[in-house]
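The structure under discussion appears below in the form of C-alpha cells.
A short reminder: the numbers here are calculations on the coordinates, not readings from a lab. None of these values were measured; they are calculated from a predicted model. Cβ atoms come from the backbone with ideal geometry, glycine included; neighbour counts cover every protein chain shown.
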Amino acid sequence: MTIKQQHHQQLQMAKLETKITDARKNLHSLWESKGYTDDEVLDASIKLDQLLNQYQRLFSKK
C-alpha cells in the first residue's frame, strides 16, 4: 500500500470514527426517550452496526 493510500485509509477511518460516535449518541438518546423496541431505535442500532462493520473492514486492511 502506498503512502497516499495509507493516508486515504486513515482519513476514512477518522471520518467513520466520528460517524460512529454520533450514531452511538443518537442511539443512546433514542433508547432513553423511546425505549428499546421502537422502530426508530432499531433503525439507529442497525445504522450503528453497519458503521462498525465498515470500520472493521477498513481496520482489517491495515
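Choose one answer from ALA23, ALA44, ALA14: the residue with the largest mean-square fluctuation in a GNM of the chain with alpha-carbon springs under 10 Å.
Answer for the Gaussian network model of the chain: ALA14.
Towards the positive end of the charge dipole of the chain, with charges on Cβ (+1 Lys, Arg; -1 Asp, Glu), say which of ALA23, ASN53, LEU42 has the farthest Cα.
Comparing the listed Cα positions along the dipole, ASN53 ranks first.
Where the only charges are on Cβ atoms (+1 Lys, Arg; -1 Asp, Glu), what is the dipole of segment 12-61 about its Cα centre, to the nearest 20 debye?
380
Gaussian network model of the chain, Cα springs within a sub-10 Å range: biggest mean-square fluctuation belongs to which of LYS19, LYS47, LYS34?
Ranking LYS19, LYS47, LYS34 by mean-square fluctuation puts LYS34 first.
What is the percent of Cα-Cα separations in the chain that go past 13 Å?
Here the tail beyond 13 Å accounts for 63 percent of pairs.
What ranking of ILE20, ILE3, ILE46 emerges when the number of other C-beta atoms within 10 Å of each C-beta is taken as an exposure proxy, fewest first?
Taking fewest neighbouring Cβ atoms as first place, the list is ILE3, ILE46, ILE20.
Quick one: how many lysine pairs does the chain have with C-alpha atoms less than 24 Å apart and a gap of 8 or more or different chains? Give me the count, please.
17
Count neighbours as other Cβ atoms within 10 Å of each site's Cβ, and list the chymotrypsin sites (Phe, Trp or Tyr not before Pro) in the chain that are DSSP loop with at most 14 such neighbours.
The qualifying sites are TYR36.
For a footprinting-style exposure proxy, rank LEU42, LEU51 by other Cβ within 10 Å, fewest first.
Result, fewest neighbours first: LEU42, LEU51.
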